[in-house]
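Only one structure is covered here, and it is reproduced in the block below.
Every number in this text was worked out from the coordinates using simple rules, so none of it is lab data. Keep in mind it's a predicted model, so treat the numbers as computed, not measured.
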Amino acid sequence: MLETRKLDKSFGAVHVTRGVSFKLERGERRVILGPNGAGKTTLFNLLVGELTPDSGSVHLAGEDVTTLPVARRARQGLSRSYQKNTLFDGLTVEENLGLAAAIHTGNATRLYTDSLARPEVREIVAEVAEQVNLMPYLHARVSEISYGVRRQLEVGVALATRPLVLLMDEPTSGVGPEMAKGFHDLLNNLPRDLTLLIIEHDMDLAFDVADTITVLNYGEVVFDGLPEAARGSKLLKDIYLGSWEDA
Amino acid sequence: MSLDLGFWTLQALNALQLSMLLFLLSIGLTVIFGLMHFVNLAHGALYALGAYFAASAAAVGGYWAGFFLAPVAVAGVGVLLYSGLIQRMRKSGPMAQVLVTFGLIFALLDITRIVWGDLALGLEVPSFLAGRVALLGVEYPAYRLFIIALGLAIFAALAFVLSRTQIGAMIRAGVDNDAMAACLGINVERLFFIVFCVGCALAGLAGAVAAPLLSVTPDMGLQILIPTLIVIVIGGLGSLKGAIAGSLIFGFVQTFGAVLAPQLASVLIYALLAAVLVIRPVGLFPAKG
Amino acid sequence: MFRHTPLRYAALVLLASAALFQALTADYFGLEILTEIVILAMLVIALDMVAGFGGMVSLCHGALLGVGAYGYAILSTKVGLTPLMAMGGAVAVTGAIAWVIGAICARSHGIYFIMATLAFGQMGYSYVFEAPLFGGDDGLSGIARLDLSFIGLDLNDGRSFALFCLGVLAAIYGAAVLILRSGLGRSLSGVMHNEQRMRALGLTVWRVKADVFGLSGLISGLAGAMAAQHVMFVSPGLLSWTVSGEALVVVILGGLGTLVGPLLGAAVFVLLKHEVGALTSYWHLVVGMILIAVVMSRANGIFGWIEARFGARIERRAADAVRDIDPREVKTDA
């Protein structure tokens, strides 16, 4: 579904990703682990097209999308949520989801109808609100909901484009352990055919959702395999748990 | 159309003279922007004020009195503006700043009319610059050569200050990242104040030297504003290199455009600006990459 | 996204009643002022659409108005189209030009967007000023007004023309509200909030910007065609950047992103110009001071101030009747 081949990117003399290759099957849930500065967010930016790799390629559903602009990739089924909330503050939860759903259904540039009044948009909004537990907040403004609910909405907006692959950049960043657990239940309840790629800082939580794990260190893939293998891996402990203490 | 070498030399000198005048105006505006992210549309009005101050002072004490007094007086106006308005607008968005300075244009326009009247004032060129000088096979007015020399001298001085002195290093640090500069112990507010005043003084100087060439009218500030903005946007905001490059491009395109394609001359420079913005949305030599 | 609040409705009703009253009772001079206000109001609605709801602070809307005016003048006097067709043509040409400008400038932001639009506006100004077809500095005269005798309106009569302009303004306001509430309008506000996120969701951002800019151009062109008919004369001064600057001042004075505020701003601005202009020739000084005071006060213009001061109270009272309440949704800083 999503594949990278030897992705390289450097800023000046700093290599942020080196020869990153991995492959996600349809419905696979992969968690990317790695200490701060390991190149995880850069990798996301390369995948969605906010950065262009120096070399290597990105394939989505079998098609090479390396040179496609951000919006085109998104329309082909690649969606992402951000580590910092990127919500539309003055709008309600419903309108936030509606903006994304309108783009997916081709209503975002219509002049004659209000996109939010379209049945296909309403349907997606209701479904996504159900999926990410936003039903009680639909008519609340972003400024009126708590931080944790905003994190749910952040993922919800990304989901409302009905992606094939959803990239989530630390979806639980900044929320307490209790809530993070609930968040992972939420992820586990997403449709099984949705492919997920998740950056996660908290290793134990990562094992809740991951089918497979990729560990990045200094921009390189140092582990790629099943969670059980990762848990016992000496290598992973050395490079990851070392920095874990001070994170 | 005459095609002899002398003609082209003359045009090139004219272009250079226009460029230097624009440089004096744009360097202040661009560094103020680069450092403070403040768009001062009233910069043109300060130039007009400079011309008026120079004309008034020259009427009493001769040309040089105006030449030296105008920058000081305009810097004084800059101090008032800074403490009264601009300091308070520092945290506002670009839109609010554009509008406040737009209001300032209106206000200063009428204030000059109230103080100096609607009639155009003139200013005599000092006697030893009044003649023509033989240069590169042409006779060229000495006063215009003086402007070219002055512009180049100021450019050299600024280049030296910016690249070799401590205050220059502080300014460059501030342009690059003012929060970081503040962390390094640079008094950013004082730096802003100094740069703003120097920018105003240069605008006043530009007004004073332009006064004998043009007639001094209340709307001269409005007329020069657009070319100045074009210069700094083509050149890229915040950099000395951008200001000089933009000034030269504007001066030469304008002057040679008028000679070679009079029909298109005025459209040409705007088309060039549009092209620059499309190809390089942040100008040719922006201070930040 | 634009929302009508009770306060906005109230302001609209008040403004419309005042305008109608003026149109029916005023003398010649009063009608001239009213028409001037109404035509300026058309232009500032177009500008508020892009600046207040899309963050595209344009300094070329004066030029777009000029294109509409010249388009109407040329098509009706030189090409010989009927006034109605000339109006349609002028509006279409202005819209097309605006779309292209919007598409080119879509990548620029902040001060660069302002400068880029300024460049295009000045380009148009210089071109019209120099090209012989447009009559140069002298402009074009002998422009006829629309012939509406078949519905019993003689537009050469000042009162009828003022009423007709009011009707056009009402239609423009309605169209602007519909556009801002459409899918396109919602996407535009999304782009203003967070362009990068909209792109990441799959929106072709430049198209949205260009489309709205083009629609705003259509309205500006219509305003221009009306302006040409009003004074029956066009000159390059219409395209000058100071016209754009004044339109921006009106939008800000009135209240950016409120659509109703700029209408109020247009009335205040024109009245101020005439009242202060009658007392002293230094009306720019007065307008400049007011502008500085308004911006420094950090209120979102006159109407924004009214909304902040009274809006909450009125809304609380009306909250039972109207569910979608609306504290200020638009930031002053575009």
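Mind checking the angle between helix B:94-116 and chain B's longest principal axis? C-alpha axes, 0 to 90 degrees, to the nearest 10.
On a 0 to 90 degree scale, this one is about 50.
Compute for segment B:98-181: radius of gyration divided by Kirkwood radius, i.e. Rg/Rh, restricted to C-alpha atoms, rounded to two decimals.
With Rg and the Kirkwood Rh in hand, the quotient comes to 1.17.
Considering chain B as a Gaussian network with a 10 Å cut-off on Cα pairs, which listed residue, B:VAL31, B:VAL198, B:VAL278, attains the greatest mean-square fluctuation?
Highest fluctuation of the listed residues: B:VAL278.
Give, in whole angstrom and from largest to smallest, the semi-axes √(5λ) of the equivalent ellipsoid of segment B:69-141, with λ running over the eigenvalues of the Cα gyration tensor.
Semi-axes, largest first: 37, 18, 13 Å.
Please report the Cα spread of segment A:65-198 along all three principal axes, rounded to whole Å, starting with the longest.
Cα extents, longest axis first: 45, 37, 25 Å.
Using the reciprocal of the averaged 1/r over all distinct C-alpha pairs, how large is the Kirkwood radius of segment B:77-233 in Å?
Taking every pair of different Cα atoms in segment B:77-233, averaging 1/r and inverting gives 18.5 Å.
Share of Cα-Cα pairs in segment C:28-112 beyond 17 Å, in percent?
Of all Cα-Cα pairs in segment C:28-112, 57 percent lie more than 17 Å apart.
Counting just the Cα atoms, what span does segment C:99-152 cover along each of its three principal axes? Round to the nearest Å and put the largest first.
The principal-axis extents, from largest down, are 48, 31, 16 Å.
Go ahead and set up a Gaussian network model of chain C, Cα springs under 10 Å, then flag whichever of C:THR242, C:THR204, C:THR258 fluctuates most.
C:THR204
Counting only Cα atoms, I'd like the Rg/Rh figure for segment C:133-175, Kirkwood definition for Rh.
Checking Rg against Rh, the ratio lands at 1.13.
If I histogram all Cα-Cα distances within segment A:115-180 using bins 10 Å wide from 0, what percent of pairs lands in each bin?
So the P(r) values, bin by bin, are 19, 51, 26, 3.
Counting only Cα, what are the radius of gyration and maximum Cα-Cα distance Dmax of the protein assembly as shown, in Å?
In order Rg, Dmax, the Cα atoms of the protein assembly as shown give 30.3, 93 Å.
Return the ratio Rg/(2.2 N^0.38 Å) for segment C:1-67, where Rg is computed over Cα atoms only.
1.35
Taking segment B:1-91 on its own, what percent of its Cα-Cα pair distances exceed 17 Å?
Taking all Cα-Cα pairs of segment B:1-91, the fraction more than 17 Å apart is 62 percent.
Averaging over every viewing direction, what projected area does the convex hull of the Cα atoms of chain A cover, in nm²?
Mean projected area for chain A: 13.6 nm², to one decimal.
List the DSSP H helices in chain A whose Cα atoms stretch 30 Å or more along the helix axis and whose mean Kyte-Doolittle hydropathy is at least 1.6.
Qualifying helices: none.
Segment B:5-279: D in µm²/s via Stokes-Einstein (Kirkwood Rh, Cα pairs, 4 °C, 1.567 mPa s)?
68 µm²/s
What aspartates and glutamates does A:LYS23 reach when the alpha-carbon gap must be under 14 Å and sequence neighbours fewer than 8 apart in one chain are set aside?
Straight-line reach from A:LYS23, under 14 Å: A:GLU3, A:GLU63, A:ASP64, A:ASP211, A:ASP224.
How big is the shadow of the Cα convex hull of segment B:193-289, averaged over all directions, in nm²?
7.4 nm²
Over the Cα atoms of segment C:266-310, Rg to Rh with Kirkwood Rh, two decimal places?
A ratio of 1.05.
Counting C-alpha atoms alone, how compact is chain C: give Rg to one decimal and Dmax as a whole number, in angstrom.
19.5, 62
Just the ratio, please: alpha-carbon radius of gyration of segment A:125-247 over 2.2 N^0.38 Å, N its number of residues.
This ratio for segment A:125-247 stands at 1.16.
How many times 2.2 N^0.38 Å is the alpha carbon radius of gyration of segment A:57-144?
1.22
Starting from the Cα of B:LYS241, draw a straight line to each of the lysines and keep only those under 19 Å, dropping any in the same chain fewer than 8 residues away.
Qualifying lysines at Cα under 19 Å: B:LYS288.
GNM on chain C, C-alpha springs below 10 Å: top fluctuator among C:PRO132, C:PRO83, C:PRO236?
C:PRO132
Can you return the lysines within cross-link range of A:LYS9? Criterion is Cα-Cα under 16 Å, with same-chain partners fewer than 8 residues away left out.
A:LYS40
Compute the Kirkwood hydrodynamic radius of segment C:149-279, taking the inverse of the mean of 1/r over all pairs of distinct Cα atoms, and give it in Å to one decimal.
17.2 Å
Can you work out D for segment A:1-101 in µm² s⁻¹ from Stokes-Einstein, where Rh is the Kirkwood radius over C-alpha pairs, the temperature is 4 °C and the viscosity is 1.567 mPa s?
Result for D is 87 µm²/s.
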